[in-house]
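Asker: Please see the structure below; I have some questions.
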Amino acid sequence: MTPKGQGFSGLHGFVAAGIAAALLGACSAAQPPRYHTLMPATPASAPGVASGAGLAWEVLPVVIPMQVDQPQWVVRTADGSLALLEQERWIAPLGDEIRAAVSERITRLLGSPAASAEPGKRWRIQIDVQRFDSTPGREARLEATWTLRSGADSAAMLSCRGEFVQPLETGGYLPLAKGHQEGVAKLGDAIGAALKALAAGQHPACVE
C-alpha cells in the first residue's frame, strides 16, 4: 500500500523520471552530422613551379543558386523533388568550398598565385554556378559559367560555360561527395588551362 499523501506525487515523480530517461536516450541515439568537403585529400603541388613566381590571379567569391546555399545537403529524390538532409553537411559554405577547390586545382597547374599590388595586372576569375545537383546513385552535376579578366575593370578576355556531370555507379553519400569533387576539379582544370593560354598570348577555346 502506498503511504497516505504520497500516492500521486510518487507516481508523478516516477512518470517524470521515465520521460526524462526516454528523452536522454533519444538524444544519445541521434547520430551527429557528417561533414563533407570539395577539397581533395592531398594538397596541391606543382613540380617545377616556384611558389609566387607565376601569374598573379585570384578566384572571386562564387555565385551559387539560393536553393543549394544551405549547410545541409540538398538532394534530388527519385520523383524529382528536393530533400534537405540534416545529417549530411558541407564543412563550409558551398560557395567557399567551390572557390577553395578551384583555387587549389589552378595552383596544381600554375603554381601559387604571385603577389601583386597592382589590380590591373592581376587575373580575376569569376564563377557563376547555375546548377549544383546531387542525385544519390545517379549523378553529381555542376553547370557553371566562368569569366577571365585581366584587371578589375577590364572587359572579359574569355567567357565560357561548362557542364561537368559525374555518373555514379553506387548509391550513398560518400560516392556523391566524390563525384562533386571530381566535377569541381574538372572546372578548375578548364579555367587553369585557359588562364595559362591567355597569359601566353594564345586564344583558348572554351572546353568543358
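The values are calculated or read from the model by the stated rules, or taken from the named source; none is laboratory data. Computed from a prediction, not measured in an experiment: that's the story for all the values here. Cβ coordinates were reconstructed from backbone atoms using ideal geometry, including for glycine residues, and neighbour counts include every protein chain displayed.
Asker: Identify, by number, the condition in (1) in a helix (DSSP H, G or I); (2) of a type in the set (A, V, I, L, M, F, W, C); (3) free of Cβ contacts under 8 Å to residues at least 40 places away in the same chain; (4) farther than 15 Å from LEU110 by Cα that ALA197 doesn't meet.
Answerer: The failed condition is (4).
Asker: Of the numbered conditions (1) at positive phi; (2) within 22 Å of the chain's Cα centre (by Cα), LEU187 fails exactly one; give the number of that condition.
Answerer: With (1) at positive phi; (2) within 22 Å of the chain's Cα centre (by Cα) applied to LEU187, the lone miss is (1).
Asker: Tell me, please, whether a residue that is more than 24 Å from ARG89 (Cβ to Cβ), acidic (Asp, Glu) and under 21 Å from the mean Cα position of the chain (by Cα) can be found in the range 124-146.
Answerer: no
Asker: Does the range 45-89 hold any residues that are modelled with pLDDT under 95, of a type in the set (D, E, K, R) and surrounded by 15 or more Cβ atoms within 10 Å (Cβ to Cβ), and which are they?
Answerer: ARG76
Asker: Hey, any hits in the range 93-106 for a residue that's small (Gly, Ala, Ser), within 18 Å of the chain's Cα centre (by Cα), part of a loop (DSSP other than H, G, I, E, B) and over 18 Å from GLN166 (Cα atoms)?
Answerer: No: the range 93-106 contains no residue that is small (Gly, Ala, Ser), within 18 Å of the chain's Cα centre (by Cα), part of a loop (DSSP other than H, G, I, E, B) and over 18 Å from GLN166 (Cα atoms).
Asker: Under the condition of being among the charged types (D, E, K, R), out of contact with any Cys (no Cβ under 8 Å at 6 or more places or on another chain) and more than 18 Å from THR37 (Cβ to Cβ), which residue from the range 154-184 is modelled with the highest pLDDT?
Answerer: So in the range 154-184, the residues among the charged types (D, E, K, R) come out as 161, 163, 169, 178, 182.
Okay, now just the ones that are also out of contact with any Cys (no Cβ under 8 Å at 6 or more places or on another chain), so 163, 169, 178, 182.
Narrowing further to those that are more than 18 Å from THR37 (Cβ to Cβ): 163, 169.
Numbers: GLU163: 96, GLU169: 89.
In this case the residue turns out to be GLU163.
Asker: Can you pull out every residue in the range 121-179 that is among the acidic types (Asp, Glu) and touching a residue at least 60 places away in the same chain (Cβ under 8 Å)? Spell out the reasoning first.
Answerer: Looking only at the range 121-179, we keep the residues that are among the acidic types (Asp, Glu), and these are 128, 133, 139, 143, 153, 163, 169.
The one that is among the acidic types (Asp, Glu) and touching a residue at least 60 places away in the same chain (Cβ under 8 Å): ASP128.
Asker: For the list (1) touching a Ser or Thr at 6+ places or on another chain (Cβ under 7 Å); (2) modelled with pLDDT under 90; (3) not in a loop (DSSP other than H, G, I, E, B), I need the number of the one condition that GLY120 fails.
Answerer: Evaluating GLY120 over (1) touching a Ser or Thr at 6+ places or on another chain (Cβ under 7 Å); (2) modelled with pLDDT under 90; (3) not in a loop (DSSP other than H, G, I, E, B) leaves (1) as the failure.
Asker: Please enumerate the residues belonging to the range 55-90 that are under 27 Å from ILE106 (Cα atoms) and among the basic types (Lys, Arg).
Answerer: ARG89
Asker: Filter the range 90-103 down to residues that are more than 12 Å from ILE191 (Cβ to Cβ) and in contact (Cβ under 8 Å) with a residue 60 or more places away in the chain, then give me how many there are.
Answerer: 2
Asker: Residues that are under 30 Å from ALA200 (Cα atoms) and in contact with a strand residue (DSSP E or B) (Cβ under 8 Å, 6 or more places away or on another chain): does the range 74-92 have at least one? I'd like the intermediate steps shown before the answer.
Answerer: Step one: filter the range 74-92 for residues under 30 Å from ALA200 (Cα atoms), giving none.
So far as the range 74-92 goes, no, none of its residues is under 30 Å from ALA200 (Cα atoms) and in contact with a strand residue (DSSP E or B) (Cβ under 8 Å, 6 or more places away or on another chain).
Asker: I've got another one for you. Check ILE125 against each of (1) surrounded by 15 or more Cβ atoms within 10 Å (Cβ to Cβ); (2) out of contact with any strand residue (DSSP E or B) (no Cβ under 9 Å at 6 or more places or on another chain); (3) farther than 20 Å from PRO40 by Cα and name the one condition it does not meet.
Answerer: It fails just one condition, (2).
Asker: Looking at the structure I just gave you, is GLY162 on the phi > 0 side of the Ramachandran plot and of a type outside the set (Asp, Glu)? Before you say what the answer is, go through the steps one by one.
Answerer: Values: on the phi > 0 side of the Ramachandran plot: no; of a type outside the set (Asp, Glu): yes.
So GLY162 fails the test.
Asker: So, LEU187, is that one surrounded by 18 or more Cβ atoms within 10 Å (Cβ to Cβ), modelled with pLDDT of 95 or more and touching a Pro at 6+ places or on another chain (Cβ under 7 Å) or not?
Answerer: no
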